[in-house]
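The values are calculated or read from the model by the stated rules, or taken from the named source; none is laboratory data. Keep in mind the model is a prediction, meaning the values are calculated, not measured. With ideal geometry, Cβ positions are generated from the backbone for all residues, glycine too; neighbour counts draw on all protein chains shown.
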Amino acid sequence: MTHLKRRDIVKGLLLAMTAGVGHGCATTKAPSGRVVVIGGGFAGMSCARTLKKLSPTVAVTLVEPKQSYIACPFSNLVIGNQRDIASQTFSYAGAVADGVTHIRRTAVAIDPGAHKVTLDDGQSVGYDRLVLAPGISLDFDVLPGYDETAANKMPHAWQAGAQTALLARQLAAMDDGGTVVISVPENPYRCPPGPYERASLIANYLKSHKPKSKLLILDSKDRFSKQGLFTAAWKSEFGDLIEWQGLKDGARVVSVDSKAMTLTTDFDVIKADVANVIPPQRAGEVARLSDIANASGWCPINAATFESSLHADVHVIGDAAIANAMPKSAFAANTQAKLCALQIARLLSGQTPVDSKLINTCYSLVTPDYGISVAGVYKPEGDRWLEIEGAGGVSPSAASRDVRRVEAQYARQWYRSITQEVFA
């Protein structure tokens with residue numbers, strides 16, 4: 001399938017979904033009730049604002065301790081010295097203007113039986129339907145030597161903000177000729193192609209500012225998203241600057257020493273001047289503490305409605321949910337949130353859920369002017385989201401430089417569009 005045809009399919013499905021949302025909420029009975037949304041990222045904000053617009057009579061409360069949100073998409077450009085962190089930061093004022101109540105506290109526990117969320121100040125908030133969108137938490141129990149203290153020397157930068165700025169400062173301070181090491185965990189984790197985009201944009205910075213340096217990727221797996229496109233781009237753009245090693249090469253990192261700045265793999269001990277250690281991840285802590293996550297660390301759902309498989313009237317969207325073929329991405333979180341909002345509106349008004357497909361498009365930048373992408377179309381089947389074969393695909397492998405430049409422009413347009421929609 002050509003890239004143009006794939007883009008047309010994705011656009012058509014977006015239009016169909018928008019039409020379905022509008023039609024689905026043309027109900028004979030105005031829905032009412034209390035919906036609490038935990039988490040103010042792309043998933044939580046999209047769901048809260050969509051639900052309030054579709055069903056103004058529903059009381060929607062957003063539980064999010066931060067006053068503003070720092071976006072992960074495009075944060076690799078901050079690390080690569082192409083963007084400042086302020087341009088990644090967005091207010092929750094748009095949701096409040098829509099009529100969403102923003103409670104700036106942390107949800108610490110959920111009682112599904114009592115339909116109650118407990119906050120960190122001891123108070124509680126009741127709900128008829130709960131939407132859990134807590135994103136990820138970093139699992140510091142898995143990699144020996146890596147904890148929150150070690151992250152101050154070997155930043156993960158996988159939750160955008162202070163860690164993003166720290167990694168950027170470390171790269172700027174590194175001497176020319178230094179070695180940058182990126183440790184990549186096993187699946188699943190937030191943004192599957194993210195580590196490889198990060199490697200690309202760091203290499204782009206090193207090529208211009210510290211050309212004697214090297215970048216080594218230590219991967220816990222042998223295959224990764226858009227692998228052929230990335231590796232071809234690395235060779236054409238950076239020569240031998242980037243070296244990737246996978247599981248079959250013994251590159252899985254089994255421990256780190258932040259004081260010595262070393263990473264131990266199955267077969268070697270590697271010294272780094274700058275180390276970006278991306279640890280294993282799981283659903284946000286409130287999901288785990290409230291038994292909404294299962295033994296995998298993620299939250300099982302009924303695919304069509306995103307309702308928890310473990311607890312009634314609790315919906316899970318975004319990175320925390322087990323969405324199977326759908327990746328943990330901002331685009332996926334946004335589309336899941338819209339569908340979840342529609343289903344909740346229908347359930348609150350006594351209607352049955354609708355059938356719908358979802359899409360995801362993930363752009364990656366190799367350089368600021370070199371973009372690649374992957375797209376997929378997904379259908380619900382029981383507790384699983386399955387990819388529809390032939391409906392998606394990746395950028396053409398033999399594309400011209402002009403096509404890569406256009407893809408980079410598409411990436412920027414997508415970022416402007418989604419942040420405008422979700423936060424403005």
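Going residue by residue through the stretch 175-195, is there one that turns out to be under 19 Å from the mean Cα position of the chain (by Cα), under 28 Å from residue 333 (Cβ atoms), basic (Lys, Arg) and outside the structural domain of residue 365 (by TED's automatic domain parsing)?
So far as the stretch 175-195 goes, yes, one or more of its residues are under 19 Å from the mean Cα position of the chain (by Cα), under 28 Å from residue 333 (Cβ atoms), basic (Lys, Arg) and outside the structural domain of residue 365 (by TED's automatic domain parsing).
Being in a strand (DSSP E or B) and either in contact with a strand residue (DSSP E or B) (Cβ under 6 Å, 6 or more places away or on another chain) or surrounded by 17 or more Cβ atoms within 10 Å (Cβ to Cβ) (or both) is the filter here; which residues of the stretch 94-117 pass it? So that I can check it myself, show each step before the final result.
So in the stretch 94-117, the residues in a strand (DSSP E or B) come out as 101-103, 107-111, 116-117.
Answer for the stretch 94-117, where residues must be in a strand (DSSP E or B) and either in contact with a strand residue (DSSP E or B) (Cβ under 6 Å, 6 or more places away or on another chain) or surrounded by 17 or more Cβ atoms within 10 Å (Cβ to Cβ) (or both): 101, 102, 103, 107, 108, 109, 110, 116, 117.
Working only within the stretch 202-229, note down all residues that are part of a helix (DSSP H, G or I) and β-branched (Val, Ile, Thr).
Taking the stretch 202-229 and keeping what is part of a helix (DSSP H, G or I), we get 202-209, 227-229.
202 - this is the single residue of the stretch 202-229 that is part of a helix (DSSP H, G or I) and β-branched (Val, Ile, Thr).
Considering only residues that are without any contact (Cβ under 8 Å) to a residue 40 or more places away in the chain and outside any loop (DSSP other than H, G, I, E, B), look in the stretch 254-284 and name the one that is surrounded by the fewest Cβ atoms within 10 Å (Cβ to Cβ). Talk me through it step by step, then tell me what you get.
Initially, the stretch 254-284 is screened for residues without any contact (Cβ under 8 Å) to a residue 40 or more places away in the chain, giving 260, 262, 264, 266-269.
Now drop any that are not outside any loop (DSSP other than H, G, I, E, B), which leaves 262, 264, 269.
Values: 262: 18, 264: 16, 269: 11.
The residue in question is 269.
From 372, 418, which residue is touching a helix residue (DSSP H, G or I) at 6+ places or on another chain (Cβ under 9 Å), within 30 Å of residue 309 (Cβ to Cβ) and touching a residue at least 60 places away in the same chain (Cβ under 8 Å)?
Details: 372 fails: within 30 Å of residue 309 (Cβ to Cβ).
After ruling out the rest, the residue left standing is 418.
For the stretch 310-408, list the strands (runs of 3 or more DSSP E) that sit wholly inside it and hold at least 1 residues that are over 27 Å from residue 60 (Cβ atoms); which are they? Step through it out loud before you land on a result.
Numbers: elements: 314-316, 358-367, 370-381, 384-387.
Hits in the stretch 310-408: 358-367, 370-381, 384-387.
Which one is surrounded by the fewest Cβ atoms within 10 Å (Cβ to Cβ) among residues in the stretch 137-163 that are within 15 Å of the chain's Cα centre (by Cα) and not in a loop (DSSP other than H, G, I, E, B)?
Initial filter on the stretch 137-163 (within 15 Å of the chain's Cα centre (by Cα)): 137-138, 156-161.
This time we only want the ones that are not in a loop (DSSP other than H, G, I, E, B), so: 137-138.
Values: 137: 19, 138: 24.
Ranking the candidates gives 137 first.
Would you pick out the residues in the stretch 249-292 that are among the charged types (D, E, K, R) and over 27 Å from the mean Cα position of the chain (by Cα)?
Within the stretch 249-292, the subset among the charged types (D, E, K, R) is 249, 252, 257, 259, 266, 268, 271, 273, 282, 285, 288, 291.
Matches in the stretch 249-292: 249, 257, 259, 266, 268, 271, 273.
Going by the structure shown, is residue 251 surrounded by 14 or more Cβ atoms within 10 Å (Cβ to Cβ), of a type outside the set (Val, Ile, Thr) and either assigned by TED's automatic domain parsing to the domain that holds residue 375 or not in a strand (DSSP E or B) (or both)?
Details: surrounded by 14 or more Cβ atoms within 10 Å (Cβ to Cβ): yes; of a type outside the set (Val, Ile, Thr): yes; either assigned by TED's automatic domain parsing to the domain that holds residue 375 or not in a strand (DSSP E or B) (or both): yes.
Against the criterion (surrounded by 14 or more Cβ atoms within 10 Å (Cβ to Cβ), of a type outside the set (Val, Ile, Thr) and either assigned by TED's automatic domain parsing to the domain that holds residue 375 or not in a strand (DSSP E or B) (or both)), residue 251 qualifies.
Considering only residues that are in contact with an Asp or Glu (Cβ under 9 Å, 6 or more places away or on another chain) and part of a helix (DSSP H, G or I), look in the stretch 169-195 and name the one that is surrounded by the most Cβ atoms within 10 Å (Cβ to Cβ).
Ranking the candidates gives 195 first.
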